[in-house]
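These notes are about the structure you will find just below.
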Amino acid sequence: MHATCIPTLCVTPHSETSRTACPRLSSPSLLSAQPNSIRHSSRCHHGCHLLAARWYYVSVFVWEQQALLLEQQRIHQLRNYRASIEAAGLPVSIAVHRPLSRAQSSPASASFPIVVPEPPVKHQFTTGLVYDSLMQKHQCICGNATIHPEHAGRIQSIWSRLQETGLRSRCECIRGRKASQEELQTVHSEAHVLLYGTSPLRQKLDGSVNSVFVRLPCGGVGVDSDTIWNEVHSSAAARLAVGSVVELVFKVASGELKNGFAVVRPPGHHAEESTPMGFCYFNSVAVAAKLLQQRLNVSKILIVDWDVHHGNGTQQAFYADPSVLYLSLHRYDDGNFFPGSGAPDEVGSGAGEGFSVNIAFTGGLEPPMGDAEYLAAFRTLVMPIANEFAPDMVLVSSGFDAVDGHAPPLGGYKLTAKCFGYLTRQLMALAGGRLVLALEGGHDLTAICDASEACISALLGNEVITEDPRAHANVKIQNIEVRFVLAEWAQACNHSWISRSVNGASDSLRRRIIWKTLHRQNKTL
């Protein structure tokens, strides 16, 4: 025989009052006066309370055991996660519990409120890298990467090289993001941002925009014969490239990191305010510089552009801005090499006069420029001018198409990858070492991987060995356009800091007329 009890009812199979509520009896006399069935219900009532209490304590015990088991599982998972992240060479940041006395529900906190400041971000390494595989999706719809120099394999190969050499594991890997439309409009027009920064673009613009696109011989779509467009992925990849550069630049400028390298595409230095060109849609370095001025009040920024092509878009963005010194080394050939801009007499306008410096190599490829010319340019022009300018931050449009391995239409010069590592070390002496390189051009995979490796190795502080440029004092004069760049520059503007920065070199540079005569006669000094 048994009875089934609940807190307020007692059910017995032997009583007519089997579903009578259990009465609350307080005295023996009253209890004895009750019928047997009622007294049975009273005993059952107290039994219900006892069973409920036992059930409560058992439930608490089981709950505590389950909580302990879940906590042990969580700790085990965190340890496995930490091990996998460390094996991948990525930074590990796992939050820990605050002390109980500082929890908001603690009595101590009620009497003595304690504010716990967030600890500053402390990175394990001082050199940052940013990369996102989503940028690989910017590809021509024809699917044939071999006929398009600017393709996804560029950044994929560089990232793989950094993993193979162990350089990636020595750097802080930064998460990229898409640049906002407001950020893009610091350099580009609203119409340009809506056209190339939204996907699908026809949600915001009418069908007349179709006229800006052309059908390529491969069957794909582009804005010109070189610059492909993928309706689904190009806008996202271009915005991701800009946002990734901005993220890395801000971490260096704020002191979280010492320097960094952005492995991004598509490139940006040809993109003008309202015109995409030369594989470029948004000017990543220019946007980063504008945001440094607006958000961090950085007063002086140096932009060095050593891509073999002149960065017409970057020069345009800061042509009248004296707080940004734009300094470009590029193949010019009297305006006959793409994009045709960057002549030595393009020195800026208005308040920015004298703050655009174009070291424009000419003379074609007979013979092509090499390490000697670039090292001489750095020694006699770039570093003296940069030191006089004394920047607070240095950004580099780091194209590697001057490295040996690029055919004449895309480069034609013969620089070594190690030379760019050496140039990087030179720039690290400026702005307290706050330096960020952002990938621009460069299409020979071996060349760009070698050059990226050399530059990142230099950023990490490794020794870079290259030839002494002074050993090439007898280089043919027609190869050293830098000898008269300063004279051309000084004639076009009147800034005292220019002449001070090159310590009398202008006397020899004024021999431009002699140089032209010798060049025509194909003579040498």
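The values are calculated or read from the model by the stated rules, or taken from the named source; none is laboratory data. Quick caveat, the model's predicted, so the values are computed rather than measured. Virtual Cβ from ideal backbone geometry, glycine too; neighbours counted across all protein chains shown. Protein only, heavy atoms only, side chains kept; ligands, DNA and RNA dropped before computing areas. Shrake-Rupley method; radii C 1.70, N 1.55, O 1.52, S 1.80 Å.
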> Are any residues in the stretch 428-449 surrounded by 20 or more Cβ atoms within 10 Å (Cβ to Cβ) and more than 22 Å from ALA241 (Cβ to Cβ), and if so, which ones?
Replying inline: LEU430, ALA431
> With respect to GLY363, is the statement that it is more than 30 Å from GLY405 (Cβ to Cβ), modelled with pLDDT under 95 and among the small types (Gly, Ala, Ser) true?
Replying inline: no
> Can you pull out the residues in the stretch 413-443 that are assigned to a loop (DSSP other than H, G, I, E, B) and under 14 Å from TYR374 (Cβ atoms)?
Replying inline: TYR413, LYS414, THR416
>> So, in the stretch 307-338, how many residues would count as being buried (at least 20 other Cβ atoms within 10 Å of the Cβ) and among the aromatic types (Phe, Trp, Tyr)?
In response: 4
>> Of everything in the stretch 283-302, what is outside any loop (DSSP other than H, G, I, E, B) and of a type in the set (D, E, K, R)? Give them in sequence order.
In response: LYS290, ARG295
> Inside the stretch 166-185, can you point out the residues that are outside any loop (DSSP other than H, G, I, E, B) and either open to solvent by less than 70 Å² (accessible area, probe 1.4 Å) or of a type in the set (A, V, I, L, M, F, W, C) (or both)?
Replying inline: ARG168, SER169, GLU172, CYS173, ILE174, GLN181, GLU183, LEU184
>> If THR314 satisfies all but one of (1) at pLDDT 95 or above; (2) in contact with a Phe, Trp or Tyr (Cβ under 9 Å, 6 or more places away or on another chain); (3) not in a helix (DSSP H, G or I), what's the number of the condition it fails?
In response: (3)
> Considering only the stretch 339-378, how many residues are buried (at least 19 other Cβ atoms within 10 Å of the Cβ), part of a loop (DSSP other than H, G, I, E, B) and of a type outside the set (D, E, K, R)?
Replying inline: 11
>> For the stretch 241-282, give me the residue count where each residue is within 29 Å of GLU172 (Cβ to Cβ), among the acidic types (Asp, Glu) and assigned to a loop (DSSP other than H, G, I, E, B).
In response: 1
> Looking at the stretch 186-223, which of the residues that are in a strand (DSSP E or B) and of a type in the set (Val, Ile, Thr) is modelled with the lowest pLDDT?
Replying inline: VAL214
> Inside the stretch 224-240, can you point out the residues that are surrounded by 20 or more Cβ atoms within 10 Å (Cβ to Cβ), in contact with a strand residue (DSSP E or B) (Cβ under 9 Å, 6 or more places away or on another chain) and either of a type in the set (Ser, Thr, Tyr) or assigned to a loop (DSSP other than H, G, I, E, B) (or both)?
Replying inline: THR227, TRP229, SER234
> In this structure, is THR424 in contact with an Asp or Glu (Cβ under 6 Å, 6 or more places away or on another chain) and of a type in the set (Val, Ile, Thr)?
Replying inline: no
